[in-house]
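Trainee: Please find one structure pasted underneath; my questions will follow.
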Amino acid sequence: MKRITTLNTRDLARSAAEGGCGECQTSVANQACEKKRKGD
Amino acid sequence: MLHQYKLNGYNIVLDANSGSIHSVDEVAYDVIAMLDAGMDRDSVIRRALESYGHRPDVDRAELEELLADIEALKAEGKLFSPDLFGENASDYKNRDACVKALCLHAAHACNLNCSYCFAGQGRYSGERALMPFEVGKRAIDFLVENSGTRRNLEVDFFGGEPLLNFETVKRITAYARSIEKEKNKNFRLTLTTNGVLLDDEAIEFANRECHNVVLSLDGRRETHDRLRKTLGGGGSYDLVVPKFQRFVRTRGERGCYIRGTFTHYNTDFTNDIFHMLELGFTELSMEPVVCPPGEPYALTEEDLPKLFEQYELLAADMLRRSREGRGYTFYHYMLDLENGPCIRKRISGCGSGTEYLAVTPEGKLYPCHQFVGDPKYLMGDVWSGVTNAAAMEEFRACSAYSRPECRSCWARLYCSGGCAANAYHAAGSVSGVYEYGCRLFKKRLECAIMLKAAQAEAAPEGCGAGSEASGRDA
């Protein structure tokens with residue numbers, strides 16, 4: 001029986017490897033990632 | 001580090017270090033809590049059977065299966081995960097840091113006299129002043145010169161009331177636009193206004209040039225007029241609401257927030273939000289007042305249970321209206337779990353004093369708009385740049401991990417260590433903690449995550465929620 005539903009969340013470890021581009025808006029929880037927004 | 005809570009019928013487990021979020025049934029909720037408390041596998045099964053063994057869906061085999069699922073999530077780094085980022089927090093924060101945003105104080109003057117204004121009726125403890133075009137132009141050049149390879153640059157026209165200096169705002173905007181192509185920059189301009197001067201020309205300007213506009217309205221007439229008064233002492237509700245309604249009608253899909261402040265006088269602030277909805281506004285932000293504790297409108301310890309209740313009520317209302325097809329946006333409940341900020345951003349926070357600076361009408365630089373006028377935090381000016389190295393170092397040191405309280409807090413990768421200005425005013429240091437604000441933030445975050453769990457539950461299979469083994473982006 002399925003008792004745990006895991007929400008889709010951004011892989012933070014992977015985002016560390018990608019490095020921050022700094023192009024996102026200066027606000028952080030409510031912010032969007034510019035790369036993700038553009039679909040890069 | 002786990003954070004578990006129950007809200008609105010949802011049982012939430014947040015794995016703080018990885019950012020993974022799980023919506024679970026009550027059996028899994030208790031089993032995870034027991035494991036987190038250090039209980040061994042056999043004890044967990046025994047205790048779970050004592051609590052739930054009477055249910056047809058709970059037996060030893062079921063619990064073994066649940067424990068296997070939990071182990072799988074642990075192996076994937078989604079439960080009981082280690083902290084991978086704390087050791088290198090300062091590297092994340094200061095790697096490739098450059099200035100990318102300015103809060104341009106177009107006017108240290110205001111045409112309203114709001115009691116709670118942190119800027120002291122717009123003058124920031126100084127004289128009335130309007131920013132000359134030459135200062136604004138130099139500020140734009142300063143931003144370009146100090147922005148490195150950043151392409152997206154932000155300028156917020158702020159005050160006081162920036163529309164008191166509208167001609168200069170327009171000239172600064174025209175200058176910024178004129179150099180965009182040559183400098184390979186994209187200026188995202190925003191405007192924060194009380195609305196008194198929001199006439200046809202200002203609306204046309206904002207719709208043409210501004211990426212976002214923030215309109216100050218506290219909600220119900222009696223709430224708004226109690227603290228947002230004209231210079232003559234009257235209320236300003238009737239003066240600004242029709243202008244806001246007109247503006248929002250012309251705004252289309254572009255960003256525009258109605259931004260209110262709630263105080264001790266309206267701890268039932270959801271009623272102010274509902275009033276904003278009645279007025280036709282759907283992009284809303286409502287912030288707790290931050291002020292010295294002796295002020296009569298200051299929020300108190302006794303207010304907190306009511307405020308928590310209000311945040312929960314708001315979340316439930318948003319969920320209900322969304323299901324009815326008439327949803328609205330509350331800024332603090334906007335959470336993009338899949339496309340939200342990267343770890344560098346989460347650790348760095350708002351960037352005040354490093355990526356983000358405020359510019360006064362005289363061209364002086366401060367870490368952000370809330371430090372303007374404090375001589376300790378005068379950072380330099382737009383001609384000489386940042387010359388106060390000690391102040392800059394203080395802000396470079398601020399991160400989601402710089403305070404002991406934050407290192408052990410489940411919300412640190414969402415609040416990034418909180419607002420330095422609030423910490424400074426509450427605790428006397430930018431590296432302090434504004435604990436009251438933390439408690440409100442955590443409640444808002446719990447509500448926002450609950451809403452995401454509800455959305456995932458309602459979404460078609462594969463949208464918003466993964467299975468036990470496929471919950472992250474590819």
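Coordinate-derived values only; no laboratory data. Fair warning: this is a prediction, and the values are worked out from it, not measured in the lab. Virtual Cβ from ideal backbone geometry, glycine too; neighbours counted across all protein chains shown.
Trainee: Would you mind calculating the relative contact order of chain B from Cα pairs under 8 angstrom and at least 6 residues apart, reporting the percent as a whole number?
Mentor: Answer for chain B is 15 percent.
Trainee: What share of Cα pairs, in percent, lie more than 11 angstrom apart in segment B:226-266? Each step should come with its number before you reach the end.
Mentor: On the way: 595 of 820 pairs.
Summing the P(r) of segment B:226-266 above 11 Å gives 73 percent of all pairs.
Trainee: Then there's this: May I ask you to derive the relative contact order of segment B:194-304, considering only C-alpha pairs under 8 Å and at least 6 residues apart, and to give it as an integer percent?
Mentor: Details: 137 pairs, mean separation 31.2, N = 111.
This gives 28 percent for segment B:194-304.
Trainee: For the protein assembly as shown, report the convex hull volume of the alpha-carbon atoms normalised per residue, in Å³, without decimals.
Mentor: Working: hull volume 78.0 nm³, N = 514.
Taking the convex hull of the Cα positions in the protein assembly as shown, it is 152 Å³ per residue.
Trainee: While we're looking at this one, here's another question. Give the relative contact order (percent, whole number) for segment B:316-474; include only Cα pairs under 8 Å separated by 6+ residues. Intermediate values should be presented prior to the final figure.
Mentor: Details: 187 pairs, mean separation 31.1, N = 159.
Computed over segment B:316-474, the figure is 20 percent.
Trainee: Now a separate question. For segment B:114-131, what does the Karplus curve 6.51 cos²θ - 1.76 cosθ + 1.60, with θ = phi - 60°, yield as ³J(HN,Hα) per residue in whole Hz, taken in order and with x for Gly and Pro?
Mentor: For segment B:114-131, the Karplus-derived couplings read 7, 4, 8, 4, 5, 8, x, 6, x, 9, 6, 6, x, 8, 4, 8, 10, 6 Hz, x marking Gly and Pro.
Trainee: Could you give me the ³J(HN,Hα) list for segment B:273-287, computed from phi with Karplus coefficients 6.51, -1.76, 1.60 and θ = phi - 60°, whole Hz, x at Gly and Pro?
Mentor: 5, 5, 5, 4, 5, 4, 6, x, 9, 10, 10, 10, 9, 9, 10
Trainee: Okay, next question. So if I place +1 on the C-beta of Lys and Arg and -1 on the C-beta of Asp and Glu, and nothing else carries charge, what would the dipole magnitude of segment B:345-474 be about its Cα centre? I want it in debye, nearest 20.
Mentor: Values: 14 positive and 13 negative charges, 48 e Å.
Dipole magnitude for segment B:345-474 comes out near 240 debye.
Trainee: Could you sort the peptides B:361-368, B:397-404, B:38-45 by per-residue average Cβ neighbour count (10 Å cutoff), highest mean leading?
Mentor: Details: B:361-368: 22.6, B:397-404: 20.5, B:38-45: 13.2.
Taking the mean over residues of other Cβ atoms within 10 Å, the ranking is B:361-368, B:397-404, B:38-45.
Trainee: Another question, if that's okay. Could you order the peptides B:71-78, B:211-218 from most to least packed, using the average number of other C-beta atoms within 10 Å per residue? Don't skip to the end; give the middle numbers.
Mentor: Values: B:71-78: 17.2, B:211-218: 23.6.
Result, highest mean first: B:211-218, B:71-78.
Trainee: Which peptide among B:222-235, B:345-358, B:107-120 comes first, and what is the full order, when sorted by highest mean count of other Cβ atoms within 10 Å?
Mentor: Numbers: B:222-235: 15.9, B:345-358: 25.9, B:107-120: 19.1.
Highest-to-lowest ranking by the protection proxy: B:345-358, B:107-120, B:222-235.
Trainee: Could you pull the Rg and Dmax for chain B, using just the Cα atoms, both in Å?
Mentor: So, for chain B, Rg and Dmax equal 24.2, 77 Å respectively.
Trainee: Something else now. Expressed as an acute angle from 0 to 90° and rounded to the nearest 10, what is the orientation of the C-alpha long axis of helix B:41-52 relative to the principal long axis of chain B?
Mentor: Compared with the principal axis, the helix lies near 90 degrees.
Trainee: Take peptide B:18-26, look around each residue's Cβ out to 10 angstrom, count Cβ atoms belonging to other protein chains, and average those counts.
Mentor: On the way: counts 5, 7, 7, 5, 6, 5, 5, 5, 1.
Mean inter-chain Cβ contacts per residue within 10 Å come to 5.
Trainee: I'd like the mean, over residues of B:331-341, of how many other protein chain beta carbons sit within 10 Å of each residue's own Cβ. Before the final figure, lay out the partial values.
Mentor: Details: counts 1, 2, 2, 4, 3, 9, 5, 7, 10, 12, 15.
Mean shielding count: 6.
Trainee: Kindly state, as a whole number, the per residue volume in cubic angstrom of the convex hull around the alpha carbon atoms of segment B:1-110. Before the final figure, lay out each step's value.
Mentor: Working: hull volume 19.2 nm³, N = 110.
Cα convex hull per residue, to the nearest whole number: 174 Å³.
Trainee: Taking the Cα centre of segment B:249-298 as origin and charging only Cβ (+1 Lys, Arg; -1 Asp, Glu), how large is the dipole, in debye to the nearest 20? Don't jump to the answer; show the numbers that get you there.
Mentor: Details: 4 positive and 7 negative charges, 55 e Å.
Charge dipole of segment B:249-298: 260 debye, to the nearest 20.
Trainee: Restricting to DSSP loop positions (anything but H, G, I, E, B) with no more than 10 other Cβ atoms inside 10 Å of their own Cβ, which GluC sites (Glu not before Pro) remain in segment B:125-195? Can you show the working numbers first?
Mentor: On the way: sites: B:Glu127, B:Glu134, B:Glu145, B:Glu154, B:Glu167, B:Glu180, B:Glu182; in loops: B:Glu127.
Qualifying residues, ordered by number: B:Glu127.
Trainee: Mind pulling the angle between the C-alpha long axis of helix B:60-75 and the longest principal axis of chain B? Nearest 10 degrees, somewhere in 0 to 90.
Mentor: Helix B:60-75 sits at roughly 40 degrees to that axis.
Trainee: If you take the charge dipole of segment B:182-315 about its Cα centre, with +1 on Lys and Arg Cβ and -1 on Asp and Glu Cβ, which of B:Leu231, B:Ile258, B:Leu191 is farthest toward its positive end?
Mentor: Farthest towards the positive end: B:Leu191.
Trainee: Would you grab the residues whose amide H sits under 5 Å from the one on B:Asn11? Only those 5+ places off in sequence or on another chain, please, with H modelled 1.01 Å from N.
Mentor: The list, which skips near neighbours in sequence, is B:Val24.
Trainee: Further question: Residue by residue, what Karplus-based ³J(HN,Hα) values in Hz, rounded to whole numbers, does segment B:133-145 have, using 6.51, -1.76 and 1.60 with θ = phi - 60° and x for Gly and Pro?
Mentor: 4, 4, 5, x, 4, 5, 4, 4, 4, 4, 4, 4, 5
Trainee: A further question on this structure: Round to the nearest 10 and give me the degree value, 0 to 90, for the angle of helix B:435-458's Cα axis relative to the longest principal axis of chain B.
Mentor: Helix B:435-458 and the main axis of chain B meet at about 60 degrees.
Trainee: Quote the Stokes-Einstein diffusion coefficient, in whole µm² s⁻¹, for segment B:348-457, based on the Kirkwood radius over alpha carbon pairs, a temperature of 4 °C and a viscosity of 1.567 mPa s. Please list the in-between numbers first.
Mentor: Working: Rh = 15.0 Å.
My calculation gives 86 µm²/s for D.
Trainee: Something else now. Net charge near B:Tyr414, counting Lys/Arg +1 and Asp/Glu -1 over other residues with Cβ under 10 Å of its Cβ? It would help to have the intermediate numbers written out before the result.
Mentor: Numbers: positive: B:Arg346, B:Arg412, B:Lys442, B:Arg444; negative: none.
Within the 10 Å Cβ shell, the charges total +4.
Trainee: Residue by residue through B:442-453, how many Cβ atoms from other chains fall within 10 Å of the Cβ on average?
Mentor: On the way: counts 0, 0, 2, 2, 0, 0, 2, 2, 0, 0, 3, 2.
The per-residue average across the peptide is 1.
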